[in-house]
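In what follows, a structure is listed as structure tokens, so that the remarks can point back to it.
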Amino acid sequence: MKKWNLIIDVAKCFDCNNCFLSCKDEFDGNDFPPYSLAQPRHGQRWMNIMRKERGQYPLIDIAYRPTLCMHCDDAPCISKADGAIYKRDDGIVLVDLEKAKDRKDLVDVCPYGAIWWNEEKAIPQMCTFCVHLLEDGWDKPRCVQACPTGALSVVQAEDSEMAEIVKSENLEVLHPEYNTKPRVYYKNLYRYSKCFIAGNVALKDTDECAEGAKITLNKGSEKGIATAEVNNYGDFRIDNLDEEGGQYTVEIEYSGYEKQELSVDLKNSINLGTIFL
Ligand code: SF4
Ligand code: SF4
């Protein structure tokens, strides 16, 4: 059977909040029984956009990571809910509005922090994948329809087809160590979860940028684990490195100049500043 999946491209999200607002617009003041009761106007963020700044001025990068219920296949919220949260055959995870009454404890069982408490109605709430719209013939939830950049997209596929897409498009899940088998996948997640080494290379004698200089990254005995080229502004960046990655050596080579080597103890994204050859 085909099931719903959501793909989020972190590189295409620029924090316009249209997804968040369209979710609010859909659910604020509107009940869609048996799937959902109205979302409070304030306090809940079923579509929650997380923000992260990497690097130091002027070589900085800001990434936005829309985060919501992952509609997990091995959902801890379901295993601890005694039927108050359930999964449909199409992959969507929903709250049972009657059984979940007064179950404030369920807010804490989601490792992604995707469940919110509605004080007035005394129920836990979260993204419903706009299931009421899908049942009305929509082919996507409101957030996906509202996204102007294509950062959000849905795929309705058999699990085997989805596994192929995950492989071919290099998709990842958030916190795979939670082992919950999310149905929400991320593209370019490194922009949020990994770090970079960046810098600027200039020529001491002329003050010009060393455009085209070759940057090689080594880690202990592992030589050339990544390379980059200095651009026409004199900048370089090697991204997708693990935070707290340890000791690296950055080699800079430029024809006619002596090779330079810098040691970097990588904890978070770092701008090495201007390096003169
Ligand atoms: S993200 Fe949280 S609320 Fe959603 S299915 Fe997974 S465990 Fe449940
Ligand atoms: S609508 Fe799209 S681009 Fe705007 S914040 Fe949401 S995911 Fe990002």
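Numbers at a glance
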{"read-out": "Stretchable slack from I60 to K12, in nm (0.36 nm times residue separation minus alpha-carbon distance)", "value": "15.6 nm"}
{"read-out": "Rg followed by Dmax, in Å, when the stretch 172-234 is reduced to its Cα trace", "value": "17.9, 57"}
{"read-out": "Dimensionless Rg ratio for the stretch 130-214, taking C-alpha atoms and the 2.2 N^0.38 Å reference", "value": "1.74"}
{"read-out": "Set of aspartates and glutamates near K12 by C-alpha distance (under 20 Å), chain-local residues within fewer than 8 positions excluded", "value": "E53, D61, E169, E172, D239"}
{"read-out": "Charged-residue dipole, Cβ positions (Lys, Arg, Asp, Glu), the stretch 3-192 about Cα centre, Debye nearest 20", "value": "580"}
{"read-out": "Cβ crowding within 10 Å averaged over residues, with 29-40, 70-81 ranked highest first", "value": "70-81, 29-40"}
{"read-out": "At most 16 other Cβ within 10 Å, DSSP loop - GluC sites (Glu not before Pro), the stretch 121-161", "value": "E135, E158"}
{"read-out": "Value of D in µm² per second that Stokes-Einstein yields for the chain, Kirkwood Rh from Cα pairs, at 37 °C (0.692 mPa s)", "value": "155"}
{"read-out": "Convex hull volume per residue for the stretch 45-181, taking Cα atoms only, in Å³", "value": "159"}
{"read-out": "Candidate lysines - alpha carbon under 20 Å from K87, same-chain residues fewer than 8 apart omitted", "value": "K2, K3, K99, K101, K104, K140, K181"}
{"read-out": "Cysteines without a disulfide-compatible neighbour (Cβ-Cβ under 4.7 Å), the chain", "value": "C13, C16, C23, C72, C77, C110, C130, C147, C195, C209"}
{"read-out": "Cα pair distances exceeding 20 angstrom across the stretch 16-111, given as percent", "value": "50"}
{"read-out": "Gaussian network model of the chain, springs between alpha carbon atoms under 10 Å - residue of I123, I60, I85 with greatest fluctuation", "value": "I60"}
{"read-out": "Inverse mean reciprocal Cα-Cα distance (Kirkwood Rh) of the stretch 195-276, Å", "value": "12.7"}
{"read-out": "10 Å binning of all Cα-Cα separations within the stretch 30-82, expressed as whole percents from 0 upward", "value": "17, 29, 32, 15, 7, 0"}
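Read the figures in this text as sums done on the coordinates, not as results from a lab. Remember, it's a predicted structure, so these values are computed and weren't measured experimentally. Every residue, glycine as well, gets a Cβ built from its backbone with ideal geometry; the counts of neighbours run over all protein chains shown.
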